[in-house]
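Q: The structure's right below; bear with me while I get my questions together.
The values are calculated or read from the model by the stated rules, or taken from the named source; none is laboratory data. Computed from a prediction, not measured in an experiment: that's the story for all the values here. Here the Cβ positions follow ideal geometry from the backbone for every residue, glycine too, while neighbour counts run over all protein chains shown. Remember, those area values only see protein heavy atoms, side chains included, never the ligands or the DNA or RNA. Shrake-Rupley method; radii C 1.70, N 1.55, O 1.52, S 1.80 Å.
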Amino acid sequence: MTTQTIPQKTNKRGFFANFKFPSAYTILFILIALVAMLTWIIPAGQYDRVMNDDLGREVPVTGTYQSVESNPQGVIDVLLAPIDGFYDHNTYEAAAIDVSLFILVIGGFLGLVTKTGAIDAGIERVTARLHGREELMIPILMALFAAGGTVYGMAEESLPFYTLLVPVMMAARFDPLVAAATVLLGAGIGVLGSTINPFATVIAANASGIPFTDGIMLRVFMLVAGWGICVAYVMRYARMVQKDQTKSIVYDKYEENKAHFLGNQNGEKLEFTMTRKVILAIFAGSFAVMIYGVSVAGWWMAEISAMFLAATILVGLVARMSEEDFTNSFIDGARDLLGVALIIGIARGIVVIMDRGMITDTILNSAEHMITGLSSVVFINVMFFLEILLSFLVPSTSGLAVLTMPIMAPLADFAGVGRELVITAYQSASGLVNLITPTSAVVMGGLAIAKVPYVRWVKWVAPLLGILTVFCVIVLSIGALIA
């Protein structure tokens, strides 16, 4: 049996011929160090805060910014940041340890289900039935993820779907990036066009003192049009890869990805037994229960993790696994996602350094002064780009709303802009940035699961981000003019 040699893309221009971009871990550590350096340069400051009973959180008070004693972050702080990132609770976000543990439980669950052969058998049936129409999966799935994003801010809950979709997309002759884009862009455009998302639109509206339904039609338009733009972009790439695998931006990892995601598919047709059908039903039902729990029952990571642990045990019983096989399969699956769990803590370390260095409010105060006294169209666009900058520092949509809306929304009254348009600018900026920001556990974790290098993702998605940015600017400008 001969082994196919995959040609490598090379760069013959001197030094860059052997240059290799750093991994996600290295990129995050560099960012932690850079933010720590900024705490030595940017003056420390803080707003007074009051408890908002509707939000259940403290919010900053306009006009109360004051300088405080600086707390520059040193080498020890940089080394501690990834560790503290796992369990540090701040004003805007919960600790990362709950998400990391959820990832490990999901890994064990997926490892066990994969061991039974149910997923591989199901993939064979799906690809056989969609033969010649595989690309239809993209708009349908992106619509479902967008619905999750606009309704309840689907984020960490999307991480399990990367492991599920990559082998499906590869079996359909696409690549891991198509799977990652389907999930990340689908849920992301839903958050960008949030309509009733309690973690973005509702919190921002409460912090701004207006009903969350104000401005909803403009957001519905942004949701639908944005979904269409993203679907067209992904499908264009997917067709190109399906026609010629060498066009894939991860083609140099083709054999490695094939072995990892399709290793159990050795050409032999798997029997779709009743046991495997029941296991797949449990598998699908678990995700349905997860979505219900988060959107209706108020669940978060602990409850979701417990539910998947129960589903894992149920799968083991249905498959009639021995205790040894059950334990080994679960641990092997968790081990596969250990790197993802580590990335989540490291990414949160950036926020830890920024908050402990007392520079978050200083940056917000500078933004407040920049937008004072501008015309309506200029105001809303400057607001949009300022929120983009702040979104890199605070990737949490709810955290960004609590931080910025009590300051930014009242300024809209002086610019003749409705507060609902400020909310639309905030969530558009946050949704846009959270498609690429390395401070987001969802971005870094999802790409790590799909084995898509972060730098390649940014390079691929950059043109789309440009298109979406222009789209948002046009919509916001029109909204300001007709206000």
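Q: Just to be sure, is Ala155 open to solvent by 10 Å² or more (accessible area, probe 1.4 Å), under 24 Å from Gln427 (Cβ atoms), among the aliphatic types (A, V, I, L, M) and touching a residue at least 12 places away in the same chain (Cβ under 8 Å)?
A: Working: open to solvent by 10 Å² or more (accessible area, probe 1.4 Å): yes; under 24 Å from Gln427 (Cβ atoms): yes; among the aliphatic types (A, V, I, L, M): yes; touching a residue at least 12 places away in the same chain (Cβ under 8 Å): yes.
Here the answer is yes, as Ala155 does meet what is asked.
Q: Separate question: Would you mention how many residues in segment 287-308 are in contact with a helix residue (DSSP H, G or I) (Cβ under 9 Å, 6 or more places away or on another chain), open to solvent by 80 Å² or more (accessible area, probe 1.4 Å) and assigned to a helix (DSSP H, G or I)?
A: Result for segment 287-308: 1.
Q: Find the residue count for segment 173-204, including only residues that are in a helix (DSSP H, G or I), surrounded by fewer than 24 Cβ atoms within 10 Å (Cβ to Cβ) and touching a residue at least 60 places away in the same chain (Cβ under 8 Å). Explain how you work it out, then say what you get.
A: The first filter runs over segment 173-204 and keeps only residues in a helix (DSSP H, G or I), leaving 176-192, 198-204.
From what's left, surrounded by fewer than 24 Cβ atoms within 10 Å (Cβ to Cβ): 198-199, 202.
Those still in the list that are touching a residue at least 60 places away in the same chain (Cβ under 8 Å) too: 199.
Going through segment 173-204 one residue at a time, the tally reaches 1.
Q: Yes or no: Leu144 closer than 17 Å to Val294 by Cβ, modelled with pLDDT of 80 or more and open to solvent by 30 Å² or more (accessible area, probe 1.4 Å)? First the steps, then the outcome.
A: Values: closer than 17 Å to Val294 by Cβ: yes; modelled with pLDDT of 80 or more: yes; open to solvent by 30 Å² or more (accessible area, probe 1.4 Å): yes.
Criteria met by Leu144.
Q: Let me spell it out: the conditions are (1) more than 30 Å from Pro176 (Cβ to Cβ); (2) free of Cβ contacts under 8 Å to residues at least 24 places away in the same chain; (3) out of contact with any Phe, Trp or Tyr (no Cβ under 6 Å at 6 or more places or on another chain), and Val220 meets all of them except one. Which number is the exception?
A: Failing condition for Val220: (2).
Q: Would you tally the residues in segment 240-257 being loosely packed, with under 15 Cβ neighbours inside 10 Å, out of contact with any Lys or Arg (no Cβ under 8 Å at 6 or more places or on another chain) and assigned to a helix (DSSP H, G or I)?
A: The number of residues fulfilling the criteria is 4.
Q: How do the pairs read when you match residues in segment 49-72 that are part of a strand (DSSP E or B) with residues anywhere that are of a type in the set (D, E, K, R) and modelled with pLDDT under 80, using Cβ under 6 Å and keeping only pairs 6 or more apart or on different chains?
A: Matching pairs, first to second residue: Arg49/Glu58; Met51/Glu58.
Q: For the structure I just gave you, tell me whether Phe326 is under 25 Å from the mean Cα position of the chain (by Cα), modelled with pLDDT of 85 or more and part of a helix (DSSP H, G or I). Please lay out each step first, then the result.
A: Details: under 25 Å from the mean Cα position of the chain (by Cα): no; modelled with pLDDT of 85 or more: yes; part of a helix (DSSP H, G or I): yes.
For Phe326, the condition - under 25 Å from the mean Cα position of the chain (by Cα), modelled with pLDDT of 85 or more and part of a helix (DSSP H, G or I) - is not met.
Q: For segment 371-395, give me each residue that is on the phi < 0 side of the Ramachandran plot, open to solvent by 20 Å² or more (accessible area, probe 1.4 Å) and at pLDDT below 80.
A: Hits for segment 371-395 are Thr372, Leu374, Leu393.
Q: Filter segment 30-51 for residues that are at pLDDT below 85 and under 28 Å from the mean Cα position of the chain (by Cα) and give the result.
A: Leu31
Q: Going through segment 336-358 one residue at a time, which ones are over 18 Å from Ile30 (Cβ atoms) and assigned to a loop (DSSP other than H, G, I, E, B)?
A: Once the filter is applied, which keeps residues that are over 18 Å from Ile30 (Cβ atoms) and assigned to a loop (DSSP other than H, G, I, E, B), segment 336-358 yields Leu337, Met358.
Q: Scan (1) in contact with a Gly (Cβ under 9 Å, 6 or more places away or on another chain); (2) closer than 30 Å to Leu80 by Cβ; (3) surrounded by 15 or more Cβ atoms within 10 Å (Cβ to Cβ) for the single condition Phe326 breaks and write down its number.
A: Failing condition for Phe326: (2).
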